[in-house]
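Student: Dumping the structure here so I can ask a few things about it.
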Amino acid sequence: MSITAMPSSSAHHLASVWFADIVGFTGLSARDEGTAMKLVSLLQLCARRAVGQHQGRLVKFMGDEAMAEFNSTEASIRAALALKLDFEELAAKRGTTALLRIGVHVGDVVSAEGDIYGDGVNTASRIQREAKPGEILVSQEVWRHLKGRSGFAMEDRGEHELRGLEGAHRLFAETPG
């Protein structure tokens, strides 16, 4: 297998990245595909709204998952909170209990052909997988950016080993403050 170099148009930059996915989607798809697909549409609607309201960029949807990037750590968390609340409320109004898991990290990313790659993306993805149902879990880097600002409440969730990443990573759960 050969590895190709990134196109010359790729550019490194610092970004706050989040991943959000629908909790229990695989099992729901097997039991009730129609409801599962409605939740995917709902996630897409809510993600577009939250990202747009907070001046982010919706990078892509992957099945029952969304990825977004922001130039501001604060904006990324506010968008994640808006997404979580909007999705849960609209799902409930439609008679379905549905939760998201969201992971947020600030790190170096590479932009290429409309997508983003790199350690910042990989770390956000791994953090999202550690989040409990209905939880927004953030890296210590995100916590450092926001720890002194009003309107944010973060609970230390301790150190976690993140698959494929070296060392322990301290994670924090964001709660509406």
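The values are calculated or read from the model by the stated rules, or taken from the named source; none is laboratory data. As the structure is a computational prediction, the values presented were derived from the model and not from experiment. Glycine also receives a Cβ, built like all others from the backbone with ideal geometry; neighbour counts cover every protein chain displayed. Just the protein is used for accessible areas: all its heavy atoms, side chains included, with ligands, DNA and RNA removed. Shrake-Rupley method; radii C 1.70, N 1.55, O 1.52, S 1.80 Å.
Student: If ASP108 satisfies every condition in (1) under 24 Å from LEU171 (Cβ atoms); (2) part of a strand (DSSP E or B); (3) modelled with pLDDT of 95 or more but one, which is the exception?
Tutor: Here ASP108 clears every test but (3).
Student: How many residues does segment 44-59 contain that are within 18 Å of GLU89 (Cβ to Cβ), free of Cβ contacts under 8 Å to residues at least 24 places away in the same chain and of a type in the set (S, T, N, Q)?
Tutor: 1
Student: Go through segment 81-105 and count every residue that is modelled with pLDDT under 95 and of a type in the set (D, E, K, R).
Tutor: Going through segment 81-105 one residue at a time, the tally reaches 1.
Conditions (1) among the hydroxyl-bearing types (Ser, Thr, Tyr); (2) without any contact (Cβ under 8 Å) to a residue 40 or more places away in the chain; (3) touching a Leu at 6+ places or on another chain (Cβ under 9 Å); (4) closer than 17 Å to SER76 by Cβ, marked per residue:
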residue	(1), (2), (3), (4)
HIS105	no, no, no, yes
ALA112	no, no, no, no
ASN122	no, no, yes, yes
GLY158	no, yes, yes, no
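Student: State whether one or more residues within segment 123-131 are touching an Asp or Glu at 6+ places or on another chain (Cβ under 6 Å), at negative phi and not in a strand (DSSP E or B). Full working, then the answer.
Tutor: Our first condition is that a residue be touching an Asp or Glu at 6+ places or on another chain (Cβ under 6 Å); within segment 123-131, this holds for none.
So far as segment 123-131 goes, no, none of its residues is touching an Asp or Glu at 6+ places or on another chain (Cβ under 6 Å), at negative phi and not in a strand (DSSP E or B).
Student: Let me ask another. Among the residues of segment 80-95 satisfying the criterion of being surrounded by fewer than 16 Cβ atoms within 10 Å (Cβ to Cβ) and of a type outside the set (D, E, K, R), which is farthest from THR175 (Cα to Cα)?
Tutor: Top of the filtered list is GLY95.
Student: Quick one: is ALA112 over 21 Å from MET37 (Cα atoms), surrounded by fewer than 16 Cβ atoms within 10 Å (Cβ to Cβ), over 10 Å from the mean Cα position of the chain (by Cα) and among the aliphatic types (A, V, I, L, M)? Let's see the steps before the verdict.
Tutor: Details: over 21 Å from MET37 (Cα atoms): yes; surrounded by fewer than 16 Cβ atoms within 10 Å (Cβ to Cβ): yes; over 10 Å from the mean Cα position of the chain (by Cα): yes; among the aliphatic types (A, V, I, L, M): yes.
When the stated conditions are applied, ALA112 passes them.
Student: I've got another one for you. Would you mind telling me which numbered condition in (1) open to solvent by less than 60 Å² (accessible area, probe 1.4 Å); (2) among the charged types (D, E, K, R); (3) outside any strand (DSSP E or B) GLU69 fails?
Tutor: Here GLU69 meets the rest and fails (3).
Student: I've got another one for you. If LEU100 satisfies all but one of (1) surrounded by fewer than 20 Cβ atoms within 10 Å (Cβ to Cβ); (2) touching a Gly at 6+ places or on another chain (Cβ under 9 Å), what's the number of the condition it fails?
Tutor: Tallying (1) surrounded by fewer than 20 Cβ atoms within 10 Å (Cβ to Cβ); (2) touching a Gly at 6+ places or on another chain (Cβ under 9 Å), LEU100 fails exactly one: (1).
Student: With the requirement that a residue be among the basic types (Lys, Arg), out of contact with any strand residue (DSSP E or B) (no Cβ under 8 Å at 6 or more places or on another chain) and assigned to a loop (DSSP other than H, G, I, E, B), what does segment 132-177 give you?
Tutor: ARG149, ARG163
Student: Filter segment 100-109 down to residues that are of a type outside the set (Gly, Ala, Ser) and under 13 Å from the mean Cα position of the chain (by Cα) and give me whichever is farthest from VAL40 (Cα to Cα).
Tutor: The extreme case among them is VAL106.
Student: Does ARG129 qualify as being free of Cβ contacts under 8 Å to residues at least 40 places away in the same chain, surrounded by fewer than 21 Cβ atoms within 10 Å (Cβ to Cβ) and under 12 Å from the mean Cα position of the chain (by Cα)?
Tutor: The answer is yes for ARG129.
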